[in-house]
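The values are calculated or read from the model by the stated rules, or taken from the named source; none is laboratory data. Note that the structure is a prediction, hence the values are computed from the model and not measured. Because the Cβ atoms are built from the backbone with ideal geometry, glycine has one as well, and the counts that use them run over all protein chains shown.
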Amino acid sequence: MGTPPAMWWLHEYFTWRGRPYYLALQSAAGGFGSNPQALQVTQVMTDRPCRAVKVGRLQIRFFVKRNILQTPTQQLSQAPAPLFISTPEATAFDLIHYASRIGGIDRAAETIAPLLPKLRVRELKQVLNVENAPAIAQRLGFVLEAKGAKKLADAIYNWLPDKLITIPLSPLKSKRRNFPVAEHWQVLNNSNELKL
């Protein structure tokens, strides 16, 4: 590899820099056993922009989150060194939030599916309250319902405001062109794979 695995030294690196961090997105999902596709890069959330790191075959890509200190995290179990990782619920939320930067909404949904047995309603509500982002919550609710997680989807729907603005499921895909609207979520379904 040309360097020790990132999980051995990320915590010490960020402690040395005095910056918050957590293992995030598909890397976090992998820590919980969701590995739909082999990931070639370690994804880390922090509070300010950082250049990607490449040492030997190791690649680390950084993502920025302003309210990172409020995001629920935990220690990665069975890690060889201390390492903060987003909780399964925060991981699912981040996957939808950053979907356009990790391969699209379909890839995010594919990564969330194996996480479903680990998601808890109470912790999901905590994430929704911390993030306070209705549009992302609408997309997450749609994805959870499409994947058959009705109880979790209902918890999100009950959290949402009474009046929803219609939003595209994938913000980067083509403009409105006869895509169906999931009325319950007010989500314009411009995904090729996700259906309710």
- [ ] May I ask you to say which residue of Arg122, Arg139 is touching a residue at least 24 places away in the same chain (Cβ under 8 Å) and either within 19 Å of Ala90 (Cβ to Cβ) or out of contact with any helix residue (DSSP H, G or I) (no Cβ under 9 Å at 6 or more places or on another chain) (or both)?
- [x] Arg139
TODO: Answer yes or no: is there a residue in region 98-106 that is more than 12 Å from the chain's Cα centre (by Cα) and buried (at least 21 other Cβ atoms within 10 Å of the Cβ).
DONE: no
Task: Candidates Leu116, Leu124, Leu95 - the one that is farther than 14 Å from Ser34 by Cβ and at pLDDT 95 or above - done: Leu124
TODO: Tell me, please, whether a residue that is in contact with a strand residue (DSSP E or B) (Cβ under 7 Å, 6 or more places away or on another chain), in contact (Cβ under 8 Å) with a residue 12 or more places away in the chain and over 30 Å from His11 (Cβ atoms) can be found in region 93-114.
DONE: no
Open item on the list: Among (1) in contact with a Phe, Trp or Tyr (Cβ under 8 Å, 6 or more places away or on another chain); (2) part of a helix (DSSP H, G or I); (3) of a type outside the set (S, T, N, Q); (4) more than 20 Å from Ser86 (Cα to Cα), there is one condition Leu140 misses while meeting the rest; what is its number?
Closed with: (4)
- [ ] Residues being within 15 Å of Glu110 (Cβ to Cβ) and among the hydrophobic types (A, V, I, L, M, F, W, C): count how many of those fall in region 29-62.
- [x] 4
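Go through Asp94, Asp106 for me and flag whichever is in a helix (DSSP H, G or I) and within 21 Å of Met7 (Cβ to Cβ). Working first, answer last.
Details: Asp106 fails: within 21 Å of Met7 (Cβ to Cβ).
Criteria check complete, one pass: Asp94.
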Open item on the list: Tally up the residues in region 28-63 that are in contact (Cβ under 8 Å) with a residue 40 or more places away in the chain and assigned to a strand (DSSP E or B), please.
Closed with: 5
Task: When residues of region 22-47 are limited to those that are modelled with pLDDT of 95 or more and surrounded by fewer than 22 Cβ atoms within 10 Å (Cβ to Cβ), the one nearest to the chain's Cα centre (by Cα) - done: Thr46
Open item on the list: Filter region 27-52 down to the residues that are closer than 15 Å to Leu116 by Cα and in contact with a strand residue (DSSP E or B) (Cβ under 6 Å, 6 or more places away or on another chain) and list them by number.
Closed with: Ala28, Gly31
